Amino acid sequence: MAKKILLSKLVEQIESGAIDGKKAAKYFLPDPGTGRPFVPGVRFDPAHVDDTAFKATSNALAAALAKTLADQAAPGRTAAVRAGTPAEATDIIRESAAKILAEGDSWFDLPFIWPRTIVDFLGEKRPIVTLAKAGDTMENMLAEAQFVAPLKAGGVKFFLFSGGGNDVVGNGDLKLYVNLFDPAYSKPADALYYIKDAYYGMLDALMAQYARLAKIVKQASPGTVLVVHGYSFVIPQVDGPWVGGPLMQRGLDPVHMPDLCRAVVRKMVEAFNARLAAFAASSGGRIAYMNLTPLVKTNEWFDELHPREVAAKRMATHYERTLGL
């Protein structure tokens, strides 16, 4: 049996930089159950870490240390440059050949022990500066507008943006948008019955935020193309914290009625994707839409919301070919 490291010792080694992300990875495990939508959770691996003295705060410490390691840019994980502040991003763009800026949620940024993302794979071949942060919401990204200063620095050809996923899955409360199960509507073809009008109202509000984003980008850097993406069809899991669980609370069971559950989620994702695609199509070329729907196979989901690396790499290739990177 491997000897466990005391949590206090692990904290000391990580904070002092004595071990990097590559060496520290064995001490952590992905933990979807402790996260929030698009905010992946992590926990210590009980086989390698003795956290007996810190049980009450163990999960919080795991999250904090994982962030520290991510900020240190674990070697071999990505070549994309993670900027901690707008000023840092601006300096990097001015002083380097970077022509791509990224901002977004966990489809662009995941903890170091989770699968690499689209941005990680794109960064392997070309300089990219990223401000993306797992769990960031459209509202927060627009309020902080950290991307404005880097865009004003000039030279950014593509601004890759990932946002809206939190809203689409109800910010962890998807049941608010889904009607109770009715035996009279038990077929996948009945999926639209289960989506409440409130969901479409939320999408309208979300697209208003996208319109605001496009206006900000145009004002900051008229020559920059805003690149947005839709989502693939996630698969509800039994007691899944973000999709399957909320559906079960409405009487839609992923085990006994998997086809219906998948159809409901599919219709919800399709509604968002269609709005975003139309939004880009009406922009006169200022906005590019990445259709990622067919690029994640049913067995390529790491959890309910995030694709495995094989799919992320495929999506990065789609960006490359579509944008001519």
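The values are calculated or read from the model by the stated rules, or taken from the named source; none is laboratory data. What you see is a predicted model, and the numbers here were worked out from it, not measured in a lab. Here the Cβ positions follow ideal geometry from the backbone for every residue, glycine too, while neighbour counts run over all protein chains shown. For accessibility, only protein heavy atoms count, side chains too; no ligands or nucleic acids. Shrake-Rupley method; radii C 1.70, N 1.55, O 1.52, S 1.80 Å.
Evaluate segment 179-200: report whether one residue or more is open to solvent by 10 Å² or more (accessible area, probe 1.4 Å), part of a helix (DSSP H, G or I) and at positive phi.
Scanning segment 179-200, I find no residue that is open to solvent by 10 Å² or more (accessible area, probe 1.4 Å), part of a helix (DSSP H, G or I) and at positive phi, so the answer is no.
Just need a number here: residues in segment 253-277 that are open to solvent by 60 Å² or more (accessible area, probe 1.4 Å) and closer than 20 Å to PHE181 by Cβ.
Number satisfying all stated conditions: 6.
Could you figure out which of (1) touching a helix residue (DSSP H, G or I) at 6+ places or on another chain (Cβ under 6 Å); (2) under 15 Å from ALA316 (Cα atoms); (3) surrounded by 24 or more Cβ atoms within 10 Å (Cβ to Cβ); (4) not charged (D, E, K, R) isn't true of PHE161?
Of the numbered conditions (1) touching a helix residue (DSSP H, G or I) at 6+ places or on another chain (Cβ under 6 Å); (2) under 15 Å from ALA316 (Cα atoms); (3) surrounded by 24 or more Cβ atoms within 10 Å (Cβ to Cβ); (4) not charged (D, E, K, R), the odd one out for PHE161 is (1).
Taking segment 154-173 as the search range and keeping residues that are of a type in the set (A, V, I, L, M) and at pLDDT 90 or above, which one is nearest to the chain's Cα centre (by Cα)?
Taking the candidates together, the pick is LEU160.
For LYS125, are the conditions met, namely being open to solvent by 30 Å² or more (accessible area, probe 1.4 Å), in a loop (DSSP other than H, G, I, E, B), touching a residue at least 12 places away in the same chain (Cβ under 8 Å) and out of contact with any strand residue (DSSP E or B) (no Cβ under 9 Å at 6 or more places or on another chain)?
yes
I'd like to check something: does segment 99-107 contain any residue that is more than 13 Å from the chain's Cα centre (by Cα) and either on the phi > 0 side of the Ramachandran plot or assigned to a loop (DSSP other than H, G, I, E, B) (or both)?
For segment 99-107, residues more than 13 Å from the chain's Cα centre (by Cα) and either on the phi > 0 side of the Ramachandran plot or assigned to a loop (DSSP other than H, G, I, E, B) (or both): present.
Suppose we keep only residues that are open to solvent by 80 Å² or more (accessible area, probe 1.4 Å) and either touching a Ser or Thr at 6+ places or on another chain (Cβ under 9 Å) or outside any loop (DSSP other than H, G, I, E, B) (or both) within segment 278-296. Which one would you say is modelled with the lowest pLDDT? Walk me through how you get there before you give the answer.
Initially, segment 278-296 is screened for residues open to solvent by 80 Å² or more (accessible area, probe 1.4 Å), giving 281-282, 286, 294.
Imposing the further condition that a residue be either touching a Ser or Thr at 6+ places or on another chain (Cβ under 9 Å) or outside any loop (DSSP other than H, G, I, E, B) (or both) reduces the set to 281, 286, 294.
Details: ALA281: 97, ARG286: 96, PRO294: 93.
The extreme case among them is PRO294.
Just the residues that are touching a Ser or Thr at 6+ places or on another chain (Cβ under 7 Å), assigned to a loop (DSSP other than H, G, I, E, B) and within 16 Å of ALA83 (Cα to Cα), please, taken from segment 133-166.
Correct list: ALA134, ALA153, VAL156.
Find all pairs meeting these conditions: Cβ atoms under 8 angstrom apart; at least six residues apart or on different chains; first residue within segment 131-145 and open to solvent by 30 Å² or more (accessible area, probe 1.4 Å); second residue part of a helix (DSSP H, G or I) and modelled with pLDDT under 90.
Qualifying pairs under 8 Å: THR137/ASN166; THR137/ASP167; THR137/ASN171.
Can VAL225 be described as open to solvent by 10 Å² or more (accessible area, probe 1.4 Å) and touching a helix residue (DSSP H, G or I) at 6+ places or on another chain (Cβ under 6 Å)?
Criteria not met by VAL225.
Do any residues in segment 285-312 that are within 19 Å of LEU213 (Cβ to Cβ) have Cβ atoms under 8 Å from those of residues that are open to solvent by 70 Å² or more (accessible area, probe 1.4 Å), where the two are at least six apart or on different chains, and which pairs are they?
ARG286/LYS218; ALA288/THR322; TYR289/ALA281; MET290/THR322
Restricting attention to segment 241-252, report how many residues are surrounded by fewer than 21 Cβ atoms within 10 Å (Cβ to Cβ), in contact with a helix residue (DSSP H, G or I) (Cβ under 9 Å, 6 or more places away or on another chain) and in contact (Cβ under 8 Å) with a residue 60 or more places away in the chain.
Qualifying residue count for the region: 3.
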